[in-house]
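Novice: Structure below; questions to follow.
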Amino acid sequence: MASGMQEKLYNPSLLSFFVYNPSFGPREGEEEKKILFYHPSDVEKNEKIRNVGLCEAIVQFTRTFCPTKPAKSLHTQKNRQFFFEAEDSFWIVMVHWCSCSVFLKPVDRFWSPEHSKHVFCKYSLIDTVYGAVLRQCYSMYKLFNGTFVRAMETGGVELLMQKLEKFFYRYLQTLHLQSCDLLDVFGGIAFFPLDKMTYLKIQSFVNRVEESLSLIKYTTFLYNDQLIWSGLEQDDMRILYKYLTTSLFPRHSEPELAGRDSPLRPEVAGNLLHYGRFLTGPANIKDPEAKFRFPRIFVNTKDSYEELHLIVYKAMSAAVCFMISASMELTREFCEQLDSLVGPQLTLLASDICEQYNVNRRISGPEKEPQFKFIYFNHMNLAEKSTIHMRKTASVSLTSVHPDLMKILGDINCDFARVDEDEEIIVKAMTDYWVVGKKSDQRELYVILNQKNANLIEVNEEVKRLCATQFNNIFFLD
Amino acid sequence: MAGDVHNKGVSWEVQQNGTLAPVDRLRNDRSESPTPGLVEGTEPGAGQESAMFVHAQSFEDLTADNEVPTETEPKGDSVLGESVEEEALCLAAEEKIQEDLHRSKEEDVCTEAWRSHRKHVFVLSEAGKPIYTRYGTEEALSSTMGVMMALVSVVEADKNIIRSIHADGYKVVFLRKTPLVLVGVSRTCQSDLELTRELQYIYYQIVSLLTLTQLNHIFQHKQNYDLRRLLAGSEHLTDNLLQMLDRDPGLLLSAVTCLPLASSTRDLVSSSLQAAKAKNLVFSILLAGDRLVTLVRKKDQYLHHMDLHLLFNLVGSSSSFREGEGWTPICLPKFNTAGFFHAHISYLEPASDLCLILVSTDREDFFNLSECKHRFLERLSRRSAYQALKEALKCPSYSVTQVGIPELRHFLYKSKSSGLYTSPELSLPYQSEEEQERLMGLYQYLHSRLHHPKRPLRSVYRCGETENLMAWVTSGFELYLCFSPLGTKALAVAAVNKLLRWIRKEEDRLFILSPLTY
């Protein structure tokens, strides 16, 4: 794991991040009490107070023009600040520098050959992207810590401040702000395409496990970092999915890739019956010293407010999350029972899915390098699909197109958000790439075409073909 | 101080630098069907002799602040120039009456109606004193403006500059132009850059009444000065300018549109105007309503389109010029922010839309210019040109159906090298004020996408439920088209070519191809 210091260097654009509640220090001289968390912590007290004061003033000022919709961001010459009222009177603010030095990696010869160099770029941050990143910070906090108000009720301001400190100190270091883009705005979930038979197999597997281990409240099933089945509410699933795919899975991908004798896979060596293992909780359940503690998560915070143990169990490319009420104590016996029940079945299921997946791939024919790349998102089921993003890792999500083109996608997305009607926008960038955005009902599709000499009509034909092959049952405005 | 535009100030030099290479091209250079590869200066509408305006190569040029701060100390009278006060007063007299007609100032600033105006504009001094508000009274808003100034100062204390605040459905844009601060609150979808540009127009409008030298001088003397005392009665100029910004595509395009006129007639009018010259005359401008008939200028002196828009605004917002010959000092800030010009403004006939503006450097020039006008009229009437001109006034615009493209509802075409644009009259469904502003909003959207400061585009096509839009920018022209929602992409592509051919065919009538100088 990279040390905190190195990570900080990787995040040069984040100037500060703070949480405050204006009602906590209403009197003069008590302003410091408003501040619940401030990063970087070594900032001088008066400067913290001044910065928080400015945010309060901006928010208050905009209420003159719209009492219900106060400011969301402030642009200045040097930085940009994003405001989010996470809970009643609890504000989270994120401040970014407007420029910094970035290293752009050569990812794809065909798409971006000329940009593999260190550049000092004055970035034009897109508000919607960083507004979404800020909301995501809160959702992630809430997933592992519950709401601010609950913390206040349990242990007062002190507990809340402790929780904020503990969570954000580490979380902020893992943010990769330069690589945030349209996908962060959507916050979608990639679904694994599957035939009916295999899907039914998975469902019956989930039912059987829930039946045998009645403690299990919710189950989700993923393959290849893509979701197949989830018992959680959409909003909870969306943030859990984000955690699994960008944090937990990338941290645990190494053992499978490592050789059989590698010290990285001690527990697999001792278990020849199946490939199942716990990603959360004890590293090796055979270890007599093992502690059976699992991370806690909070779901349905709006109504039933449930606190759950999160058990993530993986066999090959299939991963299952089992969620159990936090009031239950998880014992060694339970984990062993789960391991022996789920391990062999999941191993079998994973190889079934893999086989099915390969058959499908063969049918669809060999993959040619297409003339286009696209992002699709459906607001109704949060389904997203991107051929622009190569892979998501803990460190960075790589895209295969130039950042400016990604920003044009962001611009088009902003245009769509402004009007609540079906639209299509086709633009030609100065680099002669064509970018097409389509919005139909709750669905959005963005296509980047690398046909520099094409005209509007040809581009339209190309996109029509793409829609016919990839989204043949969705109507898009022509 | 007297209108010392001959005073070789720094900004004077800047205005006439060498980028304005006259475009001398023979007529047969012009291709029948212009292609995007077209060289600037040969697109339809490009002038033949030389450019009329100070040339901005692109929209971005105009927003860049290339002014040099003027440090010129006013000579002699170190107290507030009496002349300014006096001049502002002469404007004030009549405007007081207009004010009651135009402004519904008494609006309560705490109501939902006040909040939901599409675009607010506030001007304040660096002491936080209110100078102007578009809606409501300055008094009622003094605390709000105080807060605005406080925000500006707090951010500046950090060696930073506040630019804008964004919220759902509206944004607040700040423009700091010492000694003034301008703030816009807009619910339109214009970009920050466009809103800032509009605030610049308002700033220059105020400078045009006072000169920057005076403005600086006033606040250096008394930081707390209530500028409304000097600007009293001129509010309707700002009100009117704001309305122009919402409706007139010329301000968006940084261009001016012309009265369609046979080139033979226009040439006669121009040459008559050219003949009626005087020693200190710098610009002679003939307007028909909000359209340019012709503009004759002193050799080597160029008028910036922004200054011309301010002149349009002055004429368009006062009815007093109809009653006789007007004589008013005006600073043309893009020309020189330090001094006044003096403008002789009169209508050719009381009931006519033809308005003549003669701009001189000499404040004692009234009778000379009055004489020029008579000579011009005499010359014009002696030829058949006057009759032809009056005839042309009957149809100051044209219908989009003349182009012969079905589904095409409206368009804007700007020739970049001449700084002139043409567009047909607004037809259904864009005739109501509301729809007109909505269409302008769409053009503003297209414009801001094409001219994005970081990610400019070559073309935009947008298909929506109410209309299909297309915008295209090349080195020679900018084109914005509005189609009915039934129009297809194939039709749009064909329409562009057909329209460009039509404009080429009509360019004699729609543009000023041979501008003259004295």
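Novice: Could you figure out which of (1) assigned to a helix (DSSP H, G or I); (2) over 27 Å from the mean Cα position of the chain (by Cα) isn't true of B:K159?
Specialist: It fails just one condition, (1).
Novice: Now a separate question. Within the bounds of the range A:225-243, is there any residue that is β-branched (V, I, T), part of a helix (DSSP H, G or I), within 28 Å of A:L134 (Cα to Cα) and modelled with pLDDT of 90 or more?
Specialist: yes
Novice: So which residues in the range A:404-422 are more than 9 Å from chain B (Cβ to nearest Cβ) and closer than 16 Å to A:Q442 by Cβ?
Specialist: A:N413, A:F416, A:A417, A:D420
Novice: Okay, moving on. Sort out which residues of the range A:49-67 are among the β-branched types (V, I, T), facing chain B (nearest Cβ under 7 Å) and part of a helix (DSSP H, G or I), and write them in order of number.
Specialist: A:I58, A:T62
Novice: Cβ-Cβ under 8 Å, sequence separation 6+ or interchain: first residue in the range B:149-172 and free of Cβ contacts under 8 Å to residues at least 60 places away in the same chain and more than 8 Å from every other protein chain (Cβ to nearest Cβ), partner of a type in the set (V, I, T) and part of a strand (DSSP E or B). Which pairs?
Specialist: Listed by first residue and then by second, the contacts come to B:M149/B:V181; B:V152/B:I162; B:V152/B:V181; B:E156/B:I162; B:K171/B:I165; B:K171/B:V185.
Novice: Just to be sure I understand, how many residues within the range B:396-442 are of a type in the set (A, V, I, L, M) and closer than 16 Å to B:P485 by Cα?
Specialist: Qualifying residue count for the region: 5.
Novice: Scan the range A:446-457 for residues that are more than 9 Å from chain B (Cβ to nearest Cβ) and in contact with a strand residue (DSSP E or B) (Cβ under 9 Å, 6 or more places away or on another chain) and report the count. Spell out how you get there, then give the answer.
Specialist: Restricting attention to the range A:446-457, the residues satisfying the condition of being more than 9 Å from chain B (Cβ to nearest Cβ) are A:446-454.
From what's left, in contact with a strand residue (DSSP E or B) (Cβ under 9 Å, 6 or more places away or on another chain): A:446-452, A:454.
Within the range A:446-457, residues that are more than 9 Å from chain B (Cβ to nearest Cβ) and in contact with a strand residue (DSSP E or B) (Cβ under 9 Å, 6 or more places away or on another chain) number 8.
Novice: Which count do you get for residues in the range B:210-222 that are more than 21 Å from the chain's Cα centre (by Cα) and assigned to a helix (DSSP H, G or I)?
Specialist: Total meeting the criteria: 9.
Novice: Given the residues A:T62, A:T68, which is the only one that is within 29 Å of B:T133 (Cα to Cα), surrounded by fewer than 19 Cβ atoms within 10 Å (Cβ to Cβ) and without any contact (Cβ under 8 Å) to a residue 12 or more places away in the chain?
Specialist: It is A:T68.
Novice: Right, here's the next one. Tell me, which strands (runs of 3 or more DSSP E) lie completely within the range A:363-458 with 3 or more residues that are at pLDDT 85 or above?
Specialist: A:372-378, A:384-386, A:423-429, A:434-440, A:443-449
Novice: What's the total number of residues in the range A:204-234 that are loosely packed, with under 15 Cβ neighbours inside 10 Å, under 25 Å from the mean Cα position of the chain (by Cα) and not charged (D, E, K, R)?
Specialist: 1
Novice: Output the residues belonging to the range B:282-314 that are in contact (Cβ under 8 Å) with a residue 60 or more places away in the chain, of a type in the set (A, V, I, L, M) and not in a strand (DSSP E or B).
Specialist: Those that are in contact (Cβ under 8 Å) with a residue 60 or more places away in the chain, of a type in the set (A, V, I, L, M) and not in a strand (DSSP E or B): B:M306, B:L308, B:L310, B:L314.
Novice: Would a scan of the range A:86-96 turn up a residue that is within 14 Å of chain B (Cβ to nearest Cβ), more than 25 Å from B:M145 (Cα to Cα), at pLDDT below 95 and in a loop (DSSP other than H, G, I, E, B)?
Specialist: no
Residues are listed down the side, and each one gets a yes or a no for (1) more than 17 Å from A:S73 (Cβ to Cβ); (2) at pLDDT 95 or above; (3) of a type outside the set (S, T, N, Q):
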position	(1), (2), (3)
B:H117	yes, no, yes
B:G128	yes, no, yes
B:S142	yes, no, no
B:A157	yes, no, yes
B:L175	yes, yes, yes
B:L182	yes, yes, yes
B:S191	no, no, no
B:Y203	yes, yes, yes
B:Q214	yes, no, no
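Yes/no per residue for (1) under 22 Å from the mean Cα position of the chain (by Cα); (2) surrounded by fewer than 20 Cβ atoms within 10 Å (Cβ to Cβ); (3) closer than 26 Å to B:E435 by Cα; (4) hydrophobic (A, V, I, L, M, F, W, C):
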site: B:S208; (1), (2), (3), (4): yes, no, no, no
site: B:N224; (1), (2), (3), (4): no, yes, no, no
site: B:R229; (1), (2), (3), (4): no, yes, no, no
site: B:L245; (1), (2), (3), (4): yes, no, yes, yes
site: B:S272; (1), (2), (3), (4): no, no, no, no
site: B:L287; (1), (2), (3), (4): yes, no, no, yes
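Novice: For A:K464, which of the numbered conditions (1) surrounded by 14 or more Cβ atoms within 10 Å (Cβ to Cβ); (2) within 12 Å of chain B (Cβ to nearest Cβ) fails to hold?
Specialist: The one condition A:K464 does not meet is (1).
Novice: Can you spot a residue in the range B:361-371 that is crowded, with 22+ Cβ neighbours inside 10 Å and either touching a strand residue (DSSP E or B) at 6+ places or on another chain (Cβ under 7 Å) or assigned to a loop (DSSP other than H, G, I, E, B) (or both)?
Specialist: Checked against the condition, which is being crowded, with 22+ Cβ neighbours inside 10 Å and either touching a strand residue (DSSP E or B) at 6+ places or on another chain (Cβ under 7 Å) or assigned to a loop (DSSP other than H, G, I, E, B) (or both), the range B:361-371 yields at least one hit.
Novice: Report yes if some residue within the range B:173-187 is in a strand (DSSP E or B), under 28 Å from A:K48 (Cα atoms) and more than 12 Å from chain A (Cβ to nearest Cβ); otherwise report no.
Specialist: Yes, the range B:173-187 contains a residue that is in a strand (DSSP E or B), under 28 Å from A:K48 (Cα atoms) and more than 12 Å from chain A (Cβ to nearest Cβ).
Novice: How many residues does the range A:270-324 contain that are assigned to a strand (DSSP E or B) and farther than 18 Å from A:T219 by Cα?
Specialist: Number satisfying all stated conditions: 0.
Novice: While we're looking at this one, here's another question. Tell me which strands (runs of 3 or more DSSP E) are completely within the range B:393-472 and hold 3 or more residues being within 14 Å of another protein chain (Cβ to nearest Cβ), or say none if there are none. Reasoning before the result, please.
Specialist: Values: elements: B:408-415, B:420-422, B:457-463.
Here the list reads B:457-463.
Novice: Now for a separate question. Looking at the range B:210-222, can you tell me whether even one residue there is surrounded by 24 or more Cβ atoms within 10 Å (Cβ to Cβ), closer than 23 Å to B:R297 by Cα and not assigned by the TED database to the domain that holds B:L389?
Specialist: Taking every residue of the range B:210-222 in turn, at least one turns out to be surrounded by 24 or more Cβ atoms within 10 Å (Cβ to Cβ), closer than 23 Å to B:R297 by Cα and not assigned by the TED database to the domain that holds B:L389.
The values are calculated or read from the model by the stated rules, or taken from the named source; none is laboratory data. Predicted model only: the values in this text are computed from it and were never measured. Methodologically, a virtual Cβ is constructed for each residue, glycine included, from the backbone with ideal geometry; neighbour enumeration extends over all protein chains shown.
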